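Nothing in this text is a laboratory measurement; each read-out follows from the coordinates by a stated rule. None of the values given here were measured: they were computed from a predicted structure. All Cβ positions, glycine included, derive from the backbone under ideal geometry; neighbour counts span all protein chains shown.
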Amino acid sequence: MTVRHECGGVYLTFRQILVSAFLATLLVFAASKSASSSGIQQPSVVTPDTPFIESVRDGDIDALKAALVRGESLDSRDKLGSPALFVALQFGQEDAFKFLLENGARIKSKDKAGDTLLTLLAGTKMVHLSAALLEKGADPDRLGADREPAIIIAARAGQADMVRLLLDWDADYEATDLTGRTALGIAEQRRDRVIANMLREAGAY
């Protein structure tokens, strides 16, 4: 006996409902994995912070300019321990990020987890922000929270443009992850021919 349930005027079997629910769950899971793999996530709980940090979160450039005139530190941290530059990334405020960067915020800072700005950006498509950091003197080989440099993270995320940028800035293509794999090894395992060929052309083998 097939039991059918009405849904918006359409009758579905119980099995069809289960399949639909399962597919919806998979989509939510994939979306959350995609967000986490980027390395940049807004805190799940956002609590009120100092006026300066709130200005960074809101991307309020006028307020940031006023803070600069008052002599406030552009390296202030939020209540979770993240420096202002990291906060700007977490809240998707590129203009605030650029303002802080151009006005001398420290690019060598790490967040509470031990990540660098480059290792956070490495798994994203925000190549222009990584380029701005490198132009300001960021070390492409500095290790992040998982003791991995940006090039490893970029290769794992399949971010070819990011890998190319890092290679242009002489990133160490022989660096390894905690299991001993190089960026080339990761690209080959992922069957990512674009990144693998790029690394080989740079001298990796």
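In plain terms, the C-alpha convex hull of the stretch 115-205 casts an average shadow of 4.8 nm² when viewed from every direction. The percentage of C-alpha pairs in the stretch 89-130 whose separation is greater than 18 Å is 21%. By the rule of a C-alpha distance below 21 Å, with chain neighbours fewer than 8 residues away ignored, the lysines paired with Lys98 are Lys65, Lys108, Lys110, Lys125, Lys136. Coupling constants for the stretch 51-61 follow from the phi torsions by the Karplus curve (6.51 cos²θ - 1.76 cosθ + 1.60, θ = phi - 60°), and in residue order they are x, 5, 5, 4, 5, 5, 4, 7, x, 7, 5 Hz; glycine and proline get x. Per-residue 3J(HN,Hα) values for the stretch 153-163, derived from phi via the Karplus relation 6.51 cos²θ - 1.76 cosθ + 1.60 with θ = phi - 60°, read 5, 5, 5, 5, 7, x, 8, 4, 5, 5, 4 Hz in sequence order (x marks Gly and Pro).
Taking Cα centre as origin and charging only the Cβ of basic (Lys, Arg, +1) and acidic (Asp, Glu, -1) residues, the dipole magnitude of the stretch 115-205 rounds to 340 debye. Within a straight-line Cα-Cα reach of under 17 Å, Lys112 can be paired with the following lysines, leaving aside sequence neighbours fewer than 8 residues apart in one chain: Lys79. Computed on the Cα atoms alone, the convex hull of the stretch 47-106 gives a volume of 68 cubic angstrom per residue.
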